[in-house]
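Every number in this text was worked out from the coordinates using simple rules, so none of it is lab data. Given the structure is predicted, the values throughout are model-derived calculations rather than measurements. Ideal geometry is used to build each Cβ from the backbone, glycine not excepted, and the neighbour counts take in all protein chains shown.
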């Protein structure tokens, strides 16, 4: 590390969600937020000035001059591969945004090159750090739900892309990751998709089978709205009870088997940390920096991004071939 107390962290990407990266790095006392890299000089300088750091428009130049302890990448969804590979080949630990990439061959290259160099390679599946998700995970791990029999994921909003499977790859990757995080490996996929609104297969319905024998479903769309209540809902049913996650951070409910009286968690009046979706990234950052300082593997390795892409690829093949596809 560059300093026993402070890590040098650089950000590649000056866009919307990049603000959350910049906010976290600027606010942490243990981080020296050393640089932002962007494509547009004026925009990048403005963002860097806003967070009191330096700006670059060339990744290689920034890496050579700053020698960061961690590089965080937050780029447009279909522009991840080249910049990520450049950072890996230069030998720097890194955190990337989801999706890892859109192509399995590119994903293989990134993981193989990082592995050859023994790099710390993390991906930001921050949904795992929502309080309701953590409570659901604990309920599963402790046996509170018994043997899982069914799991469902529904997530719908608006989005646009020139990629025909953008929603599946760049947004429902959270669904694949979450379902496997809670329920274990998905064994097979069957898929239906529609392009009735134009702009690719923006809405899909998947049927899933887990290795533990449970079954599940994933519903995803860009033909809805994030303004709707319960736009995100996860249900886990087991032999001893049911757990439900509402809108990722909003509410968690648990009911024991055959019991009308259950338990509900919602953030209290002053609990802005657990109420806010953006704060799930803060919690992930806490775990990430702790692991990096200790020389451990990241809390969510980039391999999870590969796994989500592999499942998306299986869903696409299932839809195109009209059959169940084993993963």
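Summary of computed values
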| quantity | calculated |
| --- | --- |
| Whole-angstrom gap from region 295-327 to region 136-211, using each part's C-alpha centre | 11 Å |
| Reduced Cα scattering model of the chain, Debye log10 I(q)/I(0), q = 0.11, 0.13 Å⁻¹ | -0.74, -1.02 |
| Cα extents of region 246-327 along the three principal axes, largest first (Å) | 50, 46, 22 |
| Tail weight of P(r) past 13 Å, computed on alpha-carbon pairs of region 75-116, percent | 46 percent |
| Degrees separating the helix 131-141 axis from the principal Cα axis of the chain, which is the longest one | 60 degrees |
| FRET efficiency, 1/(1 + (r/R0)^6) with R0 30 Å, evaluated for residue 104 and residue 215 via beta carbons | 0.75 |
| Extension reserve of the residue 42-residue 259 stretch, reckoned as 0.36 nm per residue once the Cα distance is removed | 72.1 nm |
| Beta bridges per DSSP with both ends in the chain, % antiparallel, nearest 5 | 60 percent |
| Contact order relative to length of region 110-216, as percent, for alpha carbon pairs under 8 angstrom and 6 or more apart | 26 percent |
| Taking 234, 244 and counting other C-beta atoms within 10 Å, the order from fewest to most | 244, 234 |
| Rel. contact order, % - alpha carbon contacts under 8 angstrom, at least six apart, region 7-125 | 24 percent |
| Acute angle (nearest 10 degrees) that the helix 41-50 long axis makes with the longest principal axis of the chain, alpha-carbon atoms | 80 degrees |
| Largest to smallest principal axis extent of the C-alpha atoms in region 7-125, angstrom | 38, 27, 25 |
| Selected from 12, 245, 24 as most flexible by GNM, with the chain as the system and alpha-carbon contacts under 10 Å | 24 |
| Extension reserve of the residue 117-residue 137 stretch, reckoned as 0.36 nm per residue once the Cα distance is removed | 3.9 nm |
| Difference of contour (0.36 nm per residue) and Cα-Cα distance, residue 67 to residue 160 | 29.9 nm |
| Cα-Cα separations in region 206-253 greater than 18 Å, expressed as whole percent | 43 percent |
| Percentage relative contact order, the chain, counting C-alpha pairs under 8 Å, at least six apart | 17 percent |
| Between helix 81-90 and the chain: long-axis angle, C-alpha atoms, 0 to 90°, nearest 10 | 50 degrees |
